[in-house]
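The values are calculated or read from the model by the stated rules, or taken from the named source; none is laboratory data. Every value quoted in this text rests on a predicted model; they were computed, and no experiment measured them. We place every Cβ from the backbone using ideal geometry, glycine too, and count neighbours over all the protein chains shown. Just the protein is used for accessible areas: all its heavy atoms, side chains included, with ligands, DNA and RNA removed. Shrake-Rupley method; radii C 1.70, N 1.55, O 1.52, S 1.80 Å.
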Amino acid sequence: RRIFASNADPKPKFNVAADQQGRCCRYFESQGKAKQSGYPYPFAPSTHLYRDTFDGFVKTVRKAARLDSKKARVIHYLHEIVMDSHGKAVVAGGTAPPPLVADLQAVKATLEPIASDQPFFGGFANAKLWMGQRGIVMPMHYDSTDNLYVMAWGRKRAIIGPPGQLDALYRYPNAHPLVGSSQVNLSSADLEKYPNFQHAQLQEVIVGPGDILYLPAWWWHQFEQPFEDTAALNLWSRDRDQAPDPALRDKRVREHALFDQLEGALVQLFGNQTGLVLDARANNRKDHKQQFMSANRALILAAESWQKQAFRMPGGHPKAEV
């Protein structure tokens, strides 16, 4: 509160997600690709997004902590960009107070020598502040840039897994609002609906105050807060100039290109009806028979094109040899 106290009028407001415990937080931030394709996927996130002042957020959390534990507990998660893509400290998109500027400069000075060990590190990009209550789960997902996750207070359980595994972790389709996230609920995985999940390669680590977790680009990760309330800061990095394409650096990332290519072929064919066709296909409904035939032809052509590309890359890819 010392840092975010503001005499500005109006006071800056922060992004906050809220939902009942066990469902917080699965939300989406609007993506340009999803808007362009107009995917009509059936998706209505239960998690509510709102904006509030920092003092308002603190009062809400304190009030929630006093509620009867037998009632449905609503938990709140503040998540706000505090450093823009140019490395400038910001608050709610505006000028940051001097204490935050000083703190972020100190953090960057401490972490840059560590981050420089990343083979293609070109500098820090955005940074985001995360503050929330015990019980929050940020579902399994991946980012396309390297990430240093710094714990300020409290402990989190991180479940992580290597890139690829899109068939085992059932990534939401490209341009879906939750693309980059897994459809599987790791807390109670439905193996009848997601049978390949049993083959997922995952491991667990507990991070606490002062710990820094390095998450390479495209690595899957889920953060859980089963112990206490927490605060953390994560810093994404950008690649240095002329860094090789991620698919050339790690052949596991080539699987992402395969799925993107397959889904892109369907978007080109069906436009904003793609979501309906895929949803019907996934649920084995027969109301899009003609589209299924067209989709199969498009998928085969896209897969063959990807196989040729992957086969020519150093190290190839197991799926390119099928």
**Q.** Environment charge at residue 92 (Cβ cut-off 11 Å; Lys +1, Arg +1, Asp -1, Glu -1)
**A.** +1
Q) So how much accessible area does residue 13 have, in Å² to the nearest 10, using a 1.4 Å probe? A) 100 Å²
**Q.** For residue 190, solvent-accessible area (1.4 Å; no DNA, RNA or ligand), Å²
**A.** 70 Å²
(Q) What does the extension gain come out to for residue 66 and residue 245, with contour length at 0.36 nm per residue minus their alpha carbon separation? (A) 59.4 nm
Q: Give me the accessible area of residue 294, 1.4 Å probe, in Å² rounded to the nearest 10.
A: 30 Å²
**Q.** Coarse-grained scattering of region 182-269 at q = 0.11, 0.13, 0.21 Å⁻¹, given as base-10 log I(q)/I(0) from a Debye sum over alpha-carbon atoms
**A.** -0.52, -0.72, -1.26
(Q) Quick check on packing: order 225-235, 191-201 by the mean number of other C-beta atoms within 10 Å, highest mean leading. (A) 225-235, 191-201
Q: Give, in nm to one decimal, the length gained when the segment between residue 23 and residue 144 is fully stretched (0.36 nm per residue of separation minus the Cα-Cα distance).
A: 41.1 nm
Q: Amide H neighbours of residue 155 under 5 Å, at least 5 residues apart or on other chains, H built in the peptide plane: list them.
A: 228
Q. Based on the Cβ-Cβ distance from residue 157 to residue 212, what FRET efficiency comes out when R0 is 22 Å, to the nearest 0.05?
A. 0.85
Q. Counting only heavy atoms of protein chains, what accessible area per residue, in Å², does region 52-174 have with a probe of 1.4 Å?
A. 44 Å²
Q. Which residues' amide hydrogens lie under 5 Å from the amide hydrogen of residue 53, considering only partners 5 or more residues apart or on another chain, with H built in the peptide plane?
A. 14
Q.
Could you give each residue of region 211-218 its phi-based ³J(HN,Hα) in whole Hz, using Karplus coefficients 6.51, -1.76, 1.60 with θ = phi - 60°, and x for Gly or Pro?
A. 6, 10, 9, 8, 10, x, 3, 6
Q. Roughly how many nanometres apart are two label points built 7 Å out from the Cα toward the Cβ at residue 48 and residue 106?
A. 3.7 nm
**Q.** In sequence order, calculated HN-Hα J values of region 259-264 (Karplus, 6.51, -1.76, 1.60; Hz; x Gly/Pro)
**A.** 5, 4, 5, 5, 5, x
